[in-house]
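Beneath this line is the structure, given in structure tokens, with notes to follow.
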Amino acid sequence: MAEGVKGRRSAVAAAAVGNVVIATGAFWLSYTALADLAQRSGIAAGQAWLWPMLVDGLIVVATVAVVALDGHTTAWYAWALLIAGALVSVAANATHAILAADTSVPGLLAALVSAVPPLVEVATTHLLVVLMRFSRATGQREPGTDAEALNPAQDAHALITRPPRAERESPPEPPTRPVDPAPAGLALVVDEPSAQGEPAPRRLRAARLREKGWSNKQIAAELAVHPSTIGRWFTAADADHPETDENTQEDPS
């Protein structure tokens, strides 16, 4: 993996160097043609060099902006400047070739030859920016990639010593909270279901009312059941839990 990264670096560096050389040659050919055309058009010789800088410089700046704004809604403006600059440069180079070419050379051929440098400028500038972005992205991914490539034994050891999935994802323990002490007769209501199918909440409430000193009739009227049902509940509770007899006493009905 590390050798592959180094190989990509070398290829990118070689491509960038060659791209800069080609772009420099294309820019120089276009520059001399546009500067001569500016002088032929009436611009002073001391200022004629600025005109190709404006045209070809716009191509370079717009190309960089197109790559930088890739995916944004404002990228259309950079594209418009790039297309406009390329068209002006191609047209100006072709015009200069037609004016300055030898009479033995067809004008169309001279125009085609002179249009190559500005087109190469656009292509090489765009390629250089793409190479720079690729090199920067590779450099950001390199630390993690090299670490994984240089430490295969550590990765294998981590896989072997990793705990089972069930241990890693064990559910958290539920929070504990204190439980209020239950009144006498409550254990029967909570732990043992009613054989007669009576709802547990009613038996629980009956036990609590008995703790408050209510009689069987009062409890039966409160719970809308027959007094004998209340007596049967407490008789079964006293039989199963005789230790509650000392703490509970039923009022006379």
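General observations
- The range 2-15, subset under 30 Å from the mean Cα position of the chain (by Cα) and surrounded by 12 or more Cβ atoms within 10 Å (Cβ to Cβ), residue modelled with the lowest pLDDT: 5
- Residue in the range 16-24 that is surrounded by 13 or more Cβ atoms within 10 Å (Cβ to Cβ), modelled with pLDDT under 90 and either of a type in the set (Gly, Ala, Ser) or outside the structural domain of residue 84 (by TED's automatic domain parsing) (or both) present: yes
- Near pairs, Cβ below 8 angstrom, 6+ apart or cross-chain, from the range 106-118 (closer than 18 Å to residue 82 by Cβ and assigned by TED's automatic domain parsing to the domain that holds residue 35) to any residue that is of a type in the set (S, T, N, Q) and surrounded by 15 or more Cβ atoms within 10 Å (Cβ to Cβ): 115/93; 117/30; 117/93; 118/30; 118/89; 118/93
- Residue 62 vs. criteria more than 34 Å from the chain's Cα centre (by Cα) and without any contact (Cβ under 8 Å) to a residue 24 or more places away in the chain: no
- Residue in the range 94-132 that is nearest to residue 56 (Cα to Cα), counting only those that are surrounded by 20 or more Cβ atoms within 10 Å (Cβ to Cβ) and hydroxyl-bearing (Ser, Thr, Tyr): 125
- Subset of the range 73-113 [over 48 Å from the mean Cα position of the chain (by Cα), in a helix (DSSP H, G or I) and not aliphatic (A, V, I, L, M)]: 95, 96, 107
- Residue check for residue 91: touching a Leu at 6+ places or on another chain (Cβ under 9 Å) and either over 20 Å from residue 124 (Cβ atoms) or surrounded by 13 or more Cβ atoms within 10 Å (Cβ to Cβ) (or both): no
- Those residues of the range 190-206 which are part of a helix (DSSP H, G or I) and either modelled with pLDDT of 85 or more or out of contact with any Phe, Trp or Tyr (no Cβ under 8 Å at 6 or more places or on another chain) (or both), in sequence order: 190, 191, 200, 201, 202, 204, 205
- Every residue from the range 39-72 that is hydroxyl-bearing (Ser, Thr, Tyr) and either buried (at least 17 other Cβ atoms within 10 Å of the Cβ) or closer than 19 Å to residue 128 by Cα (or both): 63
- Single residue of 12, 21 found to be of a type in the set (Val, Ile, Thr), free of Cβ contacts under 8 Å to residues at least 40 places away in the same chain and out of contact with any His (no Cβ under 8 Å at 6 or more places or on another chain): 21
The values are calculated or read from the model by the stated rules, or taken from the named source; none is laboratory data. All of these numbers come straight from a predicted model, not from anything done at the bench. As a convention, Cβ positions derive from the backbone with ideal geometry for all residues, glycine included, and neighbour counts pool all protein chains shown.
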